[in-house]
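Here is the structure we will look at.
The values are calculated or read from the model by the stated rules, or taken from the named source; none is laboratory data. All values reported here derive from a predicted model rather than from experimental measurement. All Cβ positions, glycine included, derive from the backbone under ideal geometry; neighbour counts span all protein chains shown.
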Amino acid sequence: MSEENDILVQILQNLKEINSKLDRITVQTEPVAPKSGQFDFADSMDVMTLLSLPDHLRTTATTLFEIGPATAEEISVVTKKERAVESNYLNQLVRMDHVEKFRNGRKVYFQIKEKM
C-alpha cells in the first residue's frame, strides 16, 4: 500500500509540474503587440503544435520565439546547450516545417515560420 501511495504522490507532483509549465506557456502565448522585427505568435506555430513537440525541441522553439530570428549560437547561450546541439534541433524544426532558415552574410539564422 505504501508503495502505491508513493507512486500516486509522484504522479500528482508530475501533473502539478506539467500544469505549471502549461500555465507559463499560456501566459507566453497570450496576444501582445509584437516587438520590432518579430511577428505575432498567432500568425506562426500554434500552441498544440508546440505542445506536441518533444521537450528538447519545444525548448528550442520557445527560445527562438522569445528572441526572434537568431543563430544556433545565440539560442545555445539562452538554453545553455552546445551550439552543435542547438543547430541539430533547429535543423530538425526546419525539416518539420516549423522553422525557416536563412543566411545573412556568413551566418545562418533561424526563425519561426509564419502560417500562410
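Within the bounds of segment 5-23, is there any residue that is part of a helix (DSSP H, G or I), β-branched (Val, Ile, Thr), modelled with pLDDT under 75 and surrounded by 10 or more Cβ atoms within 10 Å (Cβ to Cβ)? No, the conditions are met nowhere in segment 5-23. Residues of segment 75-99 that are surrounded by fewer than 19 Cβ atoms within 10 Å (Cβ to Cβ), touching a residue at least 12 places away in the same chain (Cβ under 8 Å) and acidic (Asp, Glu): Asp97 alone. Of everything in segment 40-66 that's hydrophobic (A, V, I, L, M, F, W, C) and exposed (fewer than 15 other Cβ atoms within 10 Å of the Cβ), which residue is modelled with the lowest pLDDT? Among those residues, the one meeting the criterion is Ala42.
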